[in-house]
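*Asks:* Have a look at the structure that comes next, please.
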Amino acid sequence: LLSPDELKDLHAGQKPASVPFYKYVATSLAYGHMLLIGYGYFPPMSAIIQYYALMQGPQQEYLTDTVSEISYHDGEQFLPTSQALQADAHKLGRVRVVYSRGLTVTVNLNPEQEWTVAQEGVDYVLPPYGWVITKPGEILAYSAATSGQRHDYVQCPDYTYLNTGDATMRVGPLEVQGAAWLKRSADGWLLIPCGHLG
């Protein structure tokens, strides 16, 4: 998954996060894995916050579901896995996984090229190791670019999270420069300023 050099740079403290960070998250999402934290691997608290915010909502859905379809985009259309393998379309790294309860995970695993993808009627520009995840009415999560600025967003039943790096941006109910987490609590909603993630 990650080379030794990428592992070394995984949590180099860059803002926004490093390419290896996004590669790790994107690959985990594309293949329906949980992120591994612990067991001898303890990233800085800033990375743990970001991992949790990006993954918890989508993971709660896909880890308890089954895959109904996997397809790869060949530059023009999505192909089922068997056709994608024959046409080498999988080498572009553009994968879509649809789960039986309606979650759709689309990931750009291409290390160099952006990919503009339409999902739920919206066009998303996915940078290398970017993604968009939707379940209508329940989950919207993405790491995408707007005006050349990558930002991360998760809206799910329990929380909304936005990380804009150094840019000021408004998405959904949040407008931030840096990162913020709006979390459901017993008394309503709790706003947690994440600043620059620690």
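*Asks:* Taking only Cα atoms and a 10 Å spring cutoff, compute GNM fluctuations for the chain and point out the largest among G57, G148, G93.
*Replies:* Of G57, G148, G93, the most mobile in the Gaussian network model is G148.
*Asks:* How long, wide and thick is the chain, going by the Cα atoms along their three principal axes, in whole angstroms, largest first?
*Replies:* Principal-axis extents of the chain (Cα, largest first): 50, 40, 37 Å.
*Asks:* Here is a follow-up. Quick one: net charge of G102's neighbours, Cβ under 12 Å, K/R +1, D/E -1?
*Replies:* Cβ neighbours under 12 Å give a net charge of -3.
*Asks:* So, one more: Considering the chain as a Gaussian network with a 10 Å cut-off on Cα pairs, which listed residue, K183, K23, K135, attains the greatest mean-square fluctuation?
*Replies:* Comparing K183, K23, K135 in the GNM, the peak value goes to K183.
*Asks:* State the extension gain, in nm to one decimal, for the chain segment bounded by S100 and M34, taking 0.36 nm per residue of separation less the distance between their alpha-carbons.
*Replies:* Gain on extension, S100 to M34, equals 21.9 nm.
*Asks:* Report the far tail of the P(r) of the range 85-147, meaning the percent of Cα-Cα pairs longer than 12 Å.
*Replies:* Counting pairs separated by more than 12 Å, the tail of P(r) holds 67 percent.
*Asks:* Related question: Set the Förster distance to 41 Å, then compute FRET efficiency between K183 and Q77 from the Cβ-Cβ distance, nearest 0.05.
*Replies:* 0.55
*Asks:* Give the calculated FRET efficiency between E114 and E69 to the nearest 0.05, with a Förster radius of 35 Å applied to their Cβ-Cβ distance.
*Replies:* It comes to 0.90.
*Asks:* OK, next. Over the chain, with every protein chain in place, what whole percent of the accessible area is carbon and sulfur at 1.4 Å, could you tell me?
*Replies:* Percent of accessible area from carbon and sulfur atoms in the chain: 53.
*Asks:* Work out from phi, with θ = phi - 60° and the Karplus expression 6.51 cos²θ - 1.76 cosθ + 1.60, the ³J(HN,Hα) of each residue of the range 123-136, listed in order in whole Hz, and give x for Gly and Pro.
*Replies:* Once θ is set to phi - 60°, the couplings for the range 123-136 become 8, 10, 8, 8, x, x, 6, x, 7, 9, 10, 9, 9, x Hz.
*Asks:* Determine the sum of side-chain charges near Y52: Lys and Arg each +1, Asp and Glu each -1, restricted to other residues whose C-beta is under 14 angstrom from that of Y52.
*Replies:* Numbers: positive: K183; negative: D152, D158.
Local charge sum for Y52: -1.
*Asks:* Here's something else I'd like to know. Please state the relative contact order of the range 149-198 as a whole percent: Cα pairs under 8 Å, 6+ residues apart?
*Replies:* Relative contact order comes out at 27 percent.
*Asks:* Tell me which trypsin sites (Lys or Arg not before Pro) from the range 80-147 have a DSSP coil assignment and no more than 13 other beta carbons within 10 Å of their own.
*Replies:* Loop-located and lightly packed - R101.
*Asks:* Roughly how many Å² is the accessible area per residue of the range 39-117, as a whole number, for a 1.4 Å probe?
*Replies:* Solvent-accessible surface per residue comes out at 53 Å².
*Asks:* Tell me, what is the percent relative contact order of the chain, built from C-alpha pairs under 8 Å that lie six or more residues apart?
*Replies:* Numbers: 384 pairs, mean separation 28.3, N = 198.
Relative contact order for the chain comes out at 14 percent.
*Asks:* Here's a follow-up. Near G148, within a Cβ-to-Cβ distance under 13 Å, what is the net charge of the other residues, with Lys and Arg +1 and Asp and Glu -1?
*Replies:* On the way: positive: R150; negative: E114, D166.
My count for the surroundings of G148 gives -1.
*Asks:* Placing +1 at every Lys and Arg Cβ and -1 at every Asp and Glu Cβ, with all other atoms neutral, what dipole size does the chain have around its Cα centre, in debye to the nearest 20?
*Replies:* About 300 debye.
The values are calculated or read from the model by the stated rules, or taken from the named source; none is laboratory data. Owing to the predicted nature of the structure, the values given are computational and were not obtained by experimental measurement. In this analysis, Cβ positions are derived from the backbone assuming ideal geometry, glycine residues included, and neighbour counts consider all displayed protein chains. The accessibility values were calculated without ligands, DNA or RNA, using every heavy atom of the protein model including side chains. Shrake-Rupley method; radii C 1.70, N 1.55, O 1.52, S 1.80 Å.
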